[in-house]
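Each remark here refers to the structure printed beneath this line.
The values are calculated or read from the model by the stated rules, or taken from the named source; none is laboratory data. Here the structure is a predicted model, which is why all the values come from computation and not from measurement. Neighbour counts run over all protein chains shown; Cβ positions are idealised from the backbone, glycine included. SASA here: full protein model, heavy atoms, side chains in, ligands and nucleic acids out. Shrake-Rupley method; radii C 1.70, N 1.55, O 1.52, S 1.80 Å.
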Amino acid sequence: MMNELQKVIESFAFDGEVVKTEPFGSGHINETLLLTSKKNTQYILQKMNTYVFTDPQGLMENVFGVTEFLKKRIVEQGGNPNRETLTFIQTKDGDLYYNGPEGAWRAYRFQSDLMALNAARSPRDFYASGKAFGRFQALLGSYPAETLHETIPHFHDTPARMKQLHEAIEKNASGRLETVKEEVEFALAREDSSAIVMDLQEQGVLPLRVTHNDTKLNNVLLDPETGEGICVIDLDTVMPGQAIFDFGDSIRYGASTAAEDEKDLSKVQLDLELFDAYTQGFLEGCHNVLSPAEKDLLPTGAWMMTLECGIRFLADYLNGDVYFKCDYPEHNLVRARTQFKLVQEMEEKQDQMQAIVAKY
Ligand code: ADP
Ligand code: GN1
Ligand code: MG
């Protein structure tokens, strides 16, 4: 009898019989597999996390719309659309994804000549990722935002994330509340400042743009030879959002001197050289579409994304690790602590960050 994974694989229009299947990448949300066919073609097969993404059809319509749009823009600019954006593989029935008792699965062509990094090897890598995310946003500048499904409502609405933390504290589903008093206090001490960006958005000071919303370093593929940022991936959260949050989430993850789950907090600092490199790359990639207010608020975007991510890890720890993939029981708490350490670093280095932004 055919096992479940085989049945999923059979449903996609791959070129040649799949002969090898291996776990791949280090994303926190989806289950990612690398497939190799008899013809030596490789594919990424992903089981979408439907706890996180409750509308896989809407999500895949976004991915379809965005990749088709990007391909056209890339061709206009004389680029290679198959290299510079994701190409997904339809099912044999012509659907955007496979939906069955085995879950919701989608497949992409594997970009075997590009690489994803979990940490920048040098400021150059980080500059390159900034340029790619900036370009991504510039390319989507004329995308019809009203056609996008909101795949995760209130995704970067920090006050709403604060509310979720309050709910997690109240429920204390994991019974861990007693052990995280210090972290909870740290987060709640910043509650009053958590609405700054949403308020400016409501006042029309900060415009909504079509943004990526998950701009971790490992969500852009680089050319291993030239070091250039080529292809932005992980398009699941492309939605109307804040440009300063795309900037900020990259800084949160990539401008730290340590990994997101480093246990030794003395190793976790904000690296201003990396901050500088990313700022330069992002602004170049954006082609100066950002308003003076947006530029001025780039450091705030970094601070807010780091605080928000810390809150999300902490809330998930209290909820019993239902959202982010964890390798061990304290994983989410360790992650929350690195984020809060970075928040503190950003508060201390605010003037230096502002001076770097002013340079460009
Ligand atoms: P998650 O939402 O779990 O982060 P991603 O879509 O980011 O899932 O995929 C996880 C990892 O798989 C990426 O960080 C990258 O290393 C790799 N990956 C995903 N798609 C591709 C692709 N088309 N080509 C090459 N590598 C890919
Ligand atoms: C998740 O999917 P991945 O690993 O690229 C998360 C981001 C967080 C990040 C923290 C859909 O990103 O929002 O910032 O983990 N994605 C989703 O590392 O929640
Ligand atoms: Mg990812």
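For region 14-69, the share of accessible area belonging to carbon and sulfur comes to 49 percent (1.4 Å probe, ligands and nucleic acids excluded).
Only Cα pairs under 8 Å and 6+ residues apart enter the sum, and on that basis the relative contact order of the chain stands at 19 percent. In loop segments of region 1-102 as defined by DSSP, the GluC sites (Glu not before Pro) with at most 12 further C-beta atoms inside 10 Å of their C-beta are Glu17.
How large is the Kirkwood hydrodynamic radius of region 123-359, counting all unique pairs of alpha carbons, in Å? The Cα-based Kirkwood calculation yields 18.0 Å. Contact order for region 56-97, expressed relative to its length and based on alpha carbon pairs under 8 Å spaced 6+ residues apart, stands at 41 percent. With coordinates expressed along the principal axes, the C-alpha atoms belonging to region 8-133 extend over 44, 34, 30 Å, beginning with the largest.
For region 12-28, 3J(HN,Hα) computed residue by residue from phi via the Karplus equation (6.51, -1.76, 1.60; θ = phi - 60°) reads 9, 7, 7, 8, x, 5, 6, 10, 9, 9, 9, x, 9, x, 9, x, 8 Hz, glycine and proline entered as x. Which angle from 0 to 90°, rounded to the nearest 10, does the C-alpha axis of helix 158-171 make with the longest principal axis of the chain? The answer is roughly 90 degrees.
Binning all Cα-Cα separations of region 1-51 at 5 Å, short to long from zero, yields these whole-percent fractions: 4, 20, 28, 25, 15, 6, 1. Only Cα pairs under 8 Å and 6+ residues apart enter the sum, and on that basis the relative contact order of region 2-109 stands at 28 percent.
Rolling a 1.4 Å probe over the protein chains gives Cys231 an accessible area of about 0 Å².
What does the net charge come to around Asn99 if you take all other residues with beta carbon closer than 15 Å to its beta carbon, with K and R at +1 and D and E at -1? Overall, the nearby charge balance is -3.
In plain terms, the chain is cut at each of the trypsin sites (Lys or Arg not before Pro) found in a DSSP loop with at most 15 other Cβ atoms within 10 Å, and the longest leftover piece is 122-262. Ranked by solvent-accessible area (1.4 Å probe, protein heavy atoms only, all chains present), the residues His28, His212 order from largest to smallest as His28, His212.
Helix-only arithmetic for the chain: the sum of -39500 (n - 2.57) across DSSP H runs with n ≥ 4, divided by the residue total, places the mean residue ellipticity at 222 nm at -14000 deg cm²/dmol.
Taking a straight line from the alpha carbon of Lys341, these lysines sit under 22 Å away, with near neighbours fewer than eight places off in the same chain left out: Lys163, Lys181, Lys216, Lys263, Lys267, Lys325, Lys349.
If you line up the long axis of helix 272-286 against the longest principal axis of the chain, both from Cα atoms, how many degrees apart are they, to the nearest 10? Once rounded, the angle reads 60 degrees. For the chain, the longest principal axis of the alpha carbon atoms and the long axis of helix 243-254 meet at an angle near 90°. Is the C-alpha gyration tensor of region 200-282 telling us rounded, prolate or oblate? Criteria: a/c under 1.5 is rounded; beyond that, a/b larger than b/c is prolate, otherwise oblate. Oblate.
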